[in-house]
Each structure stands twice: as C-alpha cells, then as structure tokens.
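Undergrad: So that we are looking at the same thing, I have put the structure below in structure tokens.
The values are calculated or read from the model by the stated rules, or taken from the named source; none is laboratory data. Worth saying up front: this structure is predicted, and the values here are computed from it rather than measured. Here the Cβ is made from the backbone with ideal geometry for all residues, glycine too, and neighbour counts use every protein chain on show. For the accessible areas, the whole protein counts, side chains as well, though only heavy atoms, and no ligand, DNA or RNA atoms are used. Shrake-Rupley method; radii C 1.70, N 1.55, O 1.52, S 1.80 Å.
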Amino acid sequence: MRKQSPNSCSSVQAGVAAVTYHSSSVKMLKAVILIGGPQKGTRFRPLSFEVPKPLFPVAGVPMLQHHIEACAKVPNMKEILLIGFYQPNEELTRFLFNAQQEFKISIRYLQEYAALGTGGGIYHFRDQIVSGSPEAFFVLNADVCSAFPLREMLSFQKEHGGPNSFVILGTTVLHYVEKPSTFVSDIINCGIYLFNPDIFQHIGTVFQKNQQDMLLEEPTNGWHRAEAIRLEQDIFTAMAGQGKLYVYKTLSFWSQIKSAGSAIYASRLYLNQYHTTHPERLASNKEGGPNISGNVYIHPTANIDPTAMLGPNVSIGTGVSIGAGVRVRESIILHGANLQDHCCVLNSIVGWDSTVGKWARVEGTPSDPNPNDPYAKIDSETLFRDGKLTPSITILGCNVTIPSEVIILNSIVLPHKDLNRSFKNQIIL
Amino acid sequence: MKALILVGGYGTRLRPLTLSVPKPLVEFCNKPILLHQVEALVKAGVDHVVLAVSYMSELLEREMRVQEQRLGIRISLSHEKEPLGTAGPLALARELLNVDNEPFFVLNSDVICDFPFKELLQFHHSHGKEGTIVVTRVEEPSKYGVVVFETESGRIHRFVEKPQVFVSNKINAGMYIFNPSMLSRIQLRPTSIEKEIFPVMAEEGHLYAMELQGFWMDIGQPKDFLTGMCMYLQSLRQHTPERLHTGPGFLGNVLVDPTAEIGKNCTIGPNVTIGAGVVVEDGVRIKRCTVLKGARVRSHSWLESCIVGWSSSVGQWVRMENVTVLGEDVIVNDELYLNGANVLPHKSINESVPEPRIIM
C-alpha cells in the first residue's frame, strides 16, 4: 500500500476547491504537468533567480500557460495537476489563480517532498490523479515547447492502441544528416504522454523492485531512494515489447527549453503558432506605431516609440519602455526594462527593470538547438571552451544597467549590476 | 624656391585606402595629404615642387596638373625606377633642385603638423650652414633615433639610435632645408639620408636643428591617421576655430564639408571629419572618425575610431570601432558589428567581424 512519510507532501490549492466528479458515463480526462523544482532550473540562470523557470515568459506568456491552454482545450478535461518541488510561492499561486479564472478549469499544485523523477512524482500523487476516475490522463514535461497535439494523441490511442495502451508523443529529428552507424530510430521522445491509470501498476512494480534492491544495499545518498523513478529509463524500457506502448509521431513543432538561450528559440515557435491560435497577440504595422518585422508580441502596457524597429521574434513585456530609433531582433524584453534611444538589442534576453543606454549594443549569438542532436545540452562543462565562454545569447539579469554607447557581446550579466564599460564573452558576477 | 617631397611607393601602410587612391591624394581633414604640405610650401615662397615617386600614377599626375593651375606653381614628378632610399631621390632630382643658388626644402610625405617653413628658412639663413632639420619632442625617446644638439645655437652634435640613457628627447621630424651644395654629398644609389648623410654633415658642423612648435604626427597608418586628425582639428580650434562646425548635436572639434548632410538627432564629435557629399542619416553617433567623400552612414549607427572610405555605405544600427577602415565603395549591411575590421574596396559585408581582421 501507499506509504506516506509524515512530513511529506503538501498540496497547494489555488482558488477553486477540488471538483467532485459525478457521472462515469461521460469520459473524463486529466492532465499532469511536471514542473520540476529550483535545483532543476540552474541552466536557466540568472533568469531563474527571479522567477520559477516554468513561469518564465515565452512569447509573452508564462511557459506553463502554453501547456495549460493546450490541456484546457481538450474536451472533457476536468483538472490539471502541477507536480514539482518548488516551495509554494506567491508567483506560482498568483499564476494558478489567474489561469483558473482564464481557462475555467481546476488547477492544483502538488508539491513533492523531494525530487522524485518523472515517474516517482506521478506515482506519489496517484490518488490525486485517479480520484474521480479519469479514463486517461496526459503527462507533460514543463520544459518543452510544443504545439501539444493532445486531441490527436487521443484519437491515435483509440484507433491504434485501444483504451489500455499508453501513447508517447514522438517527433522526427529534422535535417538528419548523420545517422547513427547502427540505425535505431530517428524518432525522439517529446516528453508528452497519454496514460491510463494502469500505468501505476507498472510504476508500482518498479517501485517494489527498487525497495527490495535497496534492502540488499547499504544506504546511500538521498537521491537514491525507491520512490525516485524516471518514466523514460525505468518504466518505458521495461514495458517495451509488451505491446502496450505506442508512439504518436507528430510533425508539429517541438523543442526542449533547457537553457535560457532556448527560450528565444521556443518564443519563435510559439509566436509563429499565434498566427492560428492567437492572431490578436501579434503586433502589426500601424499608423503611429513602431516598425514591425515578422512575429512580434508587445504587451499593451509597453510604451514604444514609433521610430523603433522590432522583430522578427521579439517579445516585449509589461511596462517596457522603448525609445526612438531602437532596434530589437530575436530577443525577449522582460517587464519594466528600458531601452533608450538608438540602442540595438539582438539575440538577447533583457531582464526585468534593466536599462540599456543610448546607442548601446546588446548582442548574443543565436543558440538554436542543433537539429542533429536532440538531446544536446548546454551544461556547465560546455559553457566554456578554451577558457572562453562559448558564444551564446546575451542575458541581462534583473535590474542591470548598461551605459550608453558600450557593447555587451555574448555575455551573461548577473542581477543588479551597473556596468561601466563594454564586455565580450564574459560572465559578469 | 623649390621643394622635394619624398612620396615613395604604394603607401601600403595606409591600405585599404591606398588601394584606390595614391597616398598623397588621400584626404586628411578634407584635404589631400599632399596639399597640406604643398600649400604650406607655397605660402613660404616655394614655386616649384618636385614629387619623388617610385611608382607612376595617372591619377596623381592629373591631379598635380590641376594643382599647378590652381596654385600657380610648377609641380614635377621625379620617378625612381629602383628604390633609392631617403637620400637617393635628391640625387635623382639634382637637375631640378640645383638650378640656382637658393636653398630647397625636403620633406617626408607622411608628416602632418603646423608646417613651419618660413621660420625654417629664416633660421637656416641665420646660421648660414648647409642644412637644417626640424626636430620634434617625443615622450619616449628610447623608442626613436634622437638628435643631440646645442639648445642655444641648434648645432647638431650627433644622432643616437634608441638611446638607453637620456641624451635627448628630440627626434627628426622629416622636414629639412638644404643649400644646393649639399647635393654633392649624395650619389645616385640607394642611400639613407638619416644614417649616411646627416652624421657626416653634423660631424662637419654643417647641420642644425630647429625645434617644432605644436603638434606633429606621422599619419602613414590608419591608427596614426586618426590620432593626427585629432591633433590637426585641435590646431584648427586654436588658429581658425571658424572652420569647425558647431551647434546642437556637435561636440568638440568637428570638421564638416559644406556639401555634407547631417540628419536629425545625431551626436557628432569630438574629433570627426566629414567629407564632401557625405550623408549622415538620423540618430547617428560618430566620434573620432574620418568619413570620406560620398559615403553614407545610415540611421542609428554608432562609429568610433573608424575611417569610412569613399562612397561606402554603413547600414542602420551598425556598430564600428577600434580602427575599422572601410576601403572605397564598401557596403556594411544593417545591424552588423565591426571591430577593427580592415575592409578592402568594393566589398559587401554581410556578417559581423567581432575581432580585428582583414576582409579581402
């Protein structure tokens, strides 16, 4: 039976009380979004200092909102559960409250007592997930950006696997130039799944095996616990060949959002999607408005000089101020930032309340994921090469001041810095 | 009076500019380098200028015909078929220089200063010996060859190459005046005037030094060209401030050709020269630059320590710095960053140059 440690989970409920479900004649669905925790967002620094990574704005709205919106659109979706190990915080609570209002659906945050892995998290909260007897439920990783073809996954399940099957969303690697010498597959796991409650039996089997194994071993560090289970490595591998696991291959867009740099890439994908989903979010050239090139999101509270030129792939947050003759391309400008006259911001993220002086140039090098390497990671080992910072997008943390006329190139500036000169290829503490 | 200007070869140090235009014709502060010297010589009474060149340029010949007319003087080209050093060209031009008994000027073509030819002539007459060289003070004499001379009389004792202990901080400024009798010291073969002729003249008490007042710069390479421009503009500020451009948006010493157009909300200066027919669009920031004839700088760009070549076009939101030199008719596309780029003529630049290099 399920064991629960006394200091274990707290379920944070924002706003709406848990819904009780009546009829079993209507098929009912749920969705689980795995949002991770603060230790998981380090590659998103310095931006994750200010906001939990899942709430970082991508194409003008919090990353997570794209997931929630996609889930809420699925018919018979009754509840969305977020599972992670962030301490309850104001931003998350406020976000959940607003999202519930906007999407008219119950959204709850379930906090893990420790990082339990993608399988361990849902297993730990299986009672919450199966309550109300959903026929099936989606599991989505928060750090992916996707068109989320959830309805298509449902239809696929009906047509191919049947109600007892599990579906993994897969996508083909684009521009596959070099194939592995022993070809296995060119389909990669998108981190988006459709399960039915039977999945918990499979996870339970692994959980029990882990427990047995651990009884035979010396106690080790905290991570190595029986409850920590990864869907991908521990569950799917074991299930392969049983005829239960299906891949639904999508041609729609998908990308991971691991590093801060990939947020710009993800924004580009979502902004492009807005043409069909949210044309009202895309700025257009208007009399007396700034010059818009390509896909641009501008928050209505931003104040932009008509001589500025924005785009493609630009997101401008709340209360941002953009002066005369400013150029912004392939960038995210976070709320309260101030871009002064004639400055030029390319391939960069400008942090909350930061200031870029007149004629300053803030420039990064695009770090779009290598399409040949879907699991490419920008981790601390490859952040530097030959003692130099690998060229990447430029990130200004919160409340950074860039003086007039300098250049900040391929650099990361940590929060609350007043710079007094140019910097290139540096991390500025 | 006559003067010999040692123009020399291809001016490779000032490439890529000299790939399009012979060095004497490259505009320094909106006037060809050579004319700075020729006009100063004319003012001192020179009516025949001999240019010692080691390659022939039709462009140079044609321009000299124009200047002969304009200035009412004679300009000859003395062409050395093989390199003759710094003294050999005097022997080659002997026939042109030794027609009367008047002293003649000799100068290196790369030098910019407030040319003191009248004072030089006066001083030369006052001591009555064979030659006078102009010397200028430097901060670090150990890097140069210095001239040791009597402060009172100006009589030169000796020359010391890169002195390790202080003997003098005055160096040869590349401007001389000689009596025609001096020509007998030089053979028609490759000879260094500094190393082979001057020491002998000094030994014999025939060489005097006159110290230059004010600035001096060898502008033979882009970095020094810009430094020399700053000095020259400062000199204009002192002597003829009315030639400098002032008004809102202009800072410090800025020289603007009357045919240039400057847009709105620009900040230009300090130390900027803008040539004829140049168009600077709105919201541009330029400091410490020379923009040559017919060039265009588009909106919101930022330029520091650059030379923009003739008819070149710098796109919008471009940043150029660190002695970036654009040759003739170069196009820099929008939003690029050029750091110390040396761009050869007729090139279109499509990507940034984040570290100094030559763009062929």
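Undergrad: Can you tell me which residue is farthest from the other protein chains (Cβ to nearest Cβ) among those in segment B:261-281 that are among the aliphatic types (A, V, I, L, M) and surrounded by fewer than 21 Cβ atoms within 10 Å (Cβ to Cβ)?
TA: The residue in question is B:276.
Undergrad: Right, another one. So how many residues does segment A:38-47 have that are closer than 13 Å to residue A:259 by Cα and touching a Lys or Arg at 6+ places or on another chain (Cβ under 9 Å)?
TA: Pass one, segment A:38-47, residues closer than 13 Å to residue A:259 by Cα: A:40-47.
Subset that is touching a Lys or Arg at 6+ places or on another chain (Cβ under 9 Å): A:40-41, A:43-44, A:47.
Residues meeting the conditions: 5.
Undergrad: Among the numbered criteria (1) more than 10 Å from chain A (Cβ to nearest Cβ); (2) out of contact with any helix residue (DSSP H, G or I) (no Cβ under 9 Å at 6 or more places or on another chain); (3) open to solvent by 30 Å² or more (accessible area, probe 1.4 Å), which single criterion is violated by residue B:352?
TA: The failed condition is (1).
Undergrad: Filter segment B:282-323 down to the residues that are in contact with a helix residue (DSSP H, G or I) (Cβ under 9 Å, 6 or more places away or on another chain), over 16 Å from residue B:268 (Cβ atoms) and either open to solvent by 10 Å² or more (accessible area, probe 1.4 Å) or within 14 Å of another protein chain (Cβ to nearest Cβ) (or both) and list them by number.
TA: Scanning segment B:282-323 gives B:310, B:323.
Undergrad: From the set of residues in segment A:317-350 that are outside any loop (DSSP other than H, G, I, E, B) and in contact (Cβ under 8 Å) with a residue 40 or more places away in the chain, which is nearest to residue A:410 (Cα to Cα)? Explain how you work it out, then say what you get.
TA: Going residue by residue through segment A:317-350, those that are outside any loop (DSSP other than H, G, I, E, B) are A:321-322, A:327-329, A:331-333, A:338-339, A:344-346, A:348-350.
Those left that are additionally in contact (Cβ under 8 Å) with a residue 40 or more places away in the chain: A:331-332, A:348-350.
Numbers: A:331: 13, A:332: 15, A:348: 9, A:349: 11, A:350: 13 Å.
It comes out as A:348.
Undergrad: Same structure again: For segment B:161-220, how many residues are hydroxyl-bearing (Ser, Thr, Tyr), out of contact with any Pro (no Cβ under 9 Å at 6 or more places or on another chain) and farther than 29 Å from residue B:23 by Cα?
TA: Residues that pass the stated criteria total 3.
Undergrad: Can you find a residue in segment B:228-245 that is touching a residue at least 24 places away in the same chain (Cβ under 8 Å) and within 13 Å of chain A (Cβ to nearest Cβ)?
TA: No, segment B:228-245 contains no residue that is touching a residue at least 24 places away in the same chain (Cβ under 8 Å) and within 13 Å of chain A (Cβ to nearest Cβ).
Undergrad: Of all the residues that make up segment B:212-226, how many are open to solvent by 20 Å² or more (accessible area, probe 1.4 Å), closer than 25 Å to residue B:123 by Cα and assigned to a loop (DSSP other than H, G, I, E, B)? Spell out the reasoning first.
TA: Step one: list which residues in segment B:212-226 are open to solvent by 20 Å² or more (accessible area, probe 1.4 Å), which gives B:213-218, B:221, B:223-224.
Now narrow it down to the ones that are closer than 25 Å to residue B:123 by Cα: B:213-218.
Still in the running and assigned to a loop (DSSP other than H, G, I, E, B): B:213-215.
Residues in segment B:212-226 being open to solvent by 20 Å² or more (accessible area, probe 1.4 Å), closer than 25 Å to residue B:123 by Cα and assigned to a loop (DSSP other than H, G, I, E, B): 3 in total.
Undergrad: Which members of segment A:340-351 meet the condition of being within 12 Å of chain B (Cβ to nearest Cβ) and surrounded by 24 or more Cβ atoms within 10 Å (Cβ to Cβ)?
TA: Of everything in segment A:340-351, those that are within 12 Å of chain B (Cβ to nearest Cβ) and surrounded by 24 or more Cβ atoms within 10 Å (Cβ to Cβ) turn out to be A:342, A:343, A:344, A:345.
Undergrad: Here is a check on your reading of the model: is residue A:337 under 19 Å from residue A:399 (Cα atoms) and among the aliphatic types (A, V, I, L, M)?
TA: Taking the combined requirement at face value, the residue satisfies it.
Undergrad: Then there's this: State the number of residues belonging to segment A:322-337 that are within 14 Å of chain B (Cβ to nearest Cβ) and under 20 Å from residue A:294 (Cβ atoms).
TA: Summing the residues that are within 14 Å of chain B (Cβ to nearest Cβ) and under 20 Å from residue A:294 (Cβ atoms) in segment A:322-337 gives 8.
Undergrad: Taking segment A:290-314, which residues are touching a Ser or Thr at 6+ places or on another chain (Cβ under 6 Å), open to solvent by 50 Å² or more (accessible area, probe 1.4 Å) and part of a strand (DSSP E or B)?
TA: Within segment A:290-314, A:303 is the sole residue that qualifies.
Undergrad: Go through segment A:287-321 residue by residue and tally those that are more than 14 Å from chain B (Cβ to nearest Cβ), among the hydroxyl-bearing types (Ser, Thr, Tyr) and closer than 24 Å to residue A:265 by Cβ.
TA: 3
Undergrad: Whether any residue in segment B:227-236 is part of a loop (DSSP other than H, G, I, E, B) and crowded, with 19+ Cβ neighbours inside 10 Å is what I want to check.
TA: Within segment B:227-236, not a single residue is part of a loop (DSSP other than H, G, I, E, B) and crowded, with 19+ Cβ neighbours inside 10 Å.
Undergrad: Now, a different point. Output the number of residues of segment B:327-349 satisfying the condition of being in contact with a helix residue (DSSP H, G or I) (Cβ under 9 Å, 6 or more places away or on another chain) and under 10 Å from residue B:312 (Cβ atoms).
TA: Residues in segment B:327-349 being in contact with a helix residue (DSSP H, G or I) (Cβ under 9 Å, 6 or more places away or on another chain) and under 10 Å from residue B:312 (Cβ atoms): 3 in total.
Undergrad: Filter segment A:387-411 down to residues that are within 14 Å of another protein chain (Cβ to nearest Cβ) and assigned to a strand (DSSP E or B), then give me how many there are.
TA: Of the residues in segment A:387-411, 7 are within 14 Å of another protein chain (Cβ to nearest Cβ) and assigned to a strand (DSSP E or B).
Undergrad: Could you list all residues from segment B:339-349 that are touching a residue at least 24 places away in the same chain (Cβ under 8 Å) and within 12 Å of chain A (Cβ to nearest Cβ)?
TA: Initially, segment B:339-349 is screened for residues touching a residue at least 24 places away in the same chain (Cβ under 8 Å), giving B:342-345.
Selection gives nothing.
Undergrad: Quick check on segment A:412-421: of everything there that is outside any strand (DSSP E or B) and open to solvent by less than 40 Å² (accessible area, probe 1.4 Å), which residue is nearest to residue A:364 (Cα to Cα)? Reasoning before the result, please.
TA: Of all residues in segment A:412-421, those outside any strand (DSSP E or B) come to A:414-417, A:419-421.
Pick out the ones that are also open to solvent by less than 40 Å² (accessible area, probe 1.4 Å) and you get A:414-415, A:419.
Details: A:414: 15, A:415: 17, A:419: 17 Å.
The residue in question is A:414.
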